[in-house]
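Presented below is the structure to which this report refers.
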Amino acid sequence: MTNLQGKEKSLIIAASMLLLSILLMIIVIPGVYTKTLPNENNLVAVIGISLAIIIRLLIFIWYISIIKKIRRNGEKMKTGYIIIGILLIIFGLIYSDGAFAFLDNKNIIYVPYLMFTSVFFDIIASILTFIAIFLKSQ
């Protein structure tokens, strides 16, 4: 296995972790919408989670474009890796704040745990992205 393949594998695994994070966010939306406020629907939380999904989808598209560039010519994109890693950490921390907010709600006990798992996948994806910086291409 060459180092270029290792970098590519690292980014593919990071992108799949990001997709798992997005999937968990989608699973959380119905519970947050219907069961967080008594006799009301929580539209604000759904909008926030939807924006988080859109941002992560944009980062996923960025991952795909970087992987395609690696396959074409093997150029180093260290600044892109750093920006993606930092953005994933920042958005993961912001999303964990929402998970702490839902931790006290007894009606939807599964929501904060799924949100924390989503943050965990974001952190793993950012770590794999930072590891891809140090893998050298041939």
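Kindly check whether there is at least one residue in segment 40-56 that is under 20 Å from residue 8 (Cα atoms) and within 12 Å of the chain's Cα centre (by Cα).
For segment 40-56, residues under 20 Å from residue 8 (Cα atoms) and within 12 Å of the chain's Cα centre (by Cα): present.
For segment 100-138, which positions are within 12 Å of the chain's Cα centre (by Cα), open to solvent by 60 Å² or more (accessible area, probe 1.4 Å) and of a type in the set (A, V, I, L, M)?
127
Inside segment 79-120, can you point out the residues that are under 16 Å from residue 58 (Cα atoms) and touching a residue at least 12 places away in the same chain (Cβ under 8 Å)?
80, 81, 82, 84, 85, 86, 87, 88, 89, 91, 92
Name the single residue that is modelled with the highest pLDDT among those in segment 66-99 being exposed (fewer than 12 other Cβ atoms within 10 Å of the Cβ) and in a helix (DSSP H, G or I). Step through it out loud before you land on a result.
Taking segment 66-99 first, the residues exposed (fewer than 12 other Cβ atoms within 10 Å of the Cβ) are 68, 71-73, 75, 78-79, 97.
Next, from what is left, pick out any that are in a helix (DSSP H, G or I): 68, 71-72, 78-79, 97.
Details: 68: 84, 71: 76, 72: 79, 78: 79, 79: 84, 97: 89.
Across segment 66-99, the extreme among qualifying residues is 97.
Scan segment 58-99 for residues that are over 12 Å from the mean Cα position of the chain (by Cα) and within 14 Å of residue 133 (Cβ to Cβ) and jot them down.
66, 70, 75, 76, 77, 78, 79, 80, 81, 82, 83
Per-residue answers, yes or no, for (1) part of a loop (DSSP other than H, G, I, E, B); (2) touching a strand residue (DSSP E or B) at 6+ places or on another chain (Cβ under 9 Å); (3) of a type in the set (D, E, K, R):
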site	(1), (2), (3)
33	no, no, no
37	yes, no, no
40	yes, no, yes
45	no, no, no
51	no, no, no
54	no, no, no
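With the structure loaded, tell me whether residue 19 is among the aliphatic types (A, V, I, L, M) and not in a helix (DSSP H, G or I) or whether it fails that test.
So residue 19 fails the test.
Can you name the residue in segment 25-56 that is open to solvent by less than 70 Å² (accessible area, probe 1.4 Å) and hydroxyl-bearing (Ser, Thr, Tyr) and, of all such residues, is nearest to residue 99 (Cα to Cα)?
So, considering only residues that are open to solvent by less than 70 Å² (accessible area, probe 1.4 Å) and hydroxyl-bearing (Ser, Thr, Tyr), the one nearest to residue 99 (Cα to Cα) is 36.
How about segment 1-31: which of its residues are touching a Gly at 6+ places or on another chain (Cβ under 9 Å) and more than 20 Å from residue 69 (Cα to Cα)?
If the condition is that a residue be touching a Gly at 6+ places or on another chain (Cβ under 9 Å) and more than 20 Å from residue 69 (Cα to Cα), then 21 is the only one that fits.
The values are calculated or read from the model by the stated rules, or taken from the named source; none is laboratory data. Just so you know, these numbers come straight off a predicted model, no measurement behind them. Heads up, the Cβs are rebuilt from the backbone with ideal geometry, glycines too, and the neighbour counts pull from every protein chain shown. Side chains included, ligands, DNA and RNA excluded: accessible areas come from the protein's heavy atoms. Shrake-Rupley method; radii C 1.70, N 1.55, O 1.52, S 1.80 Å.
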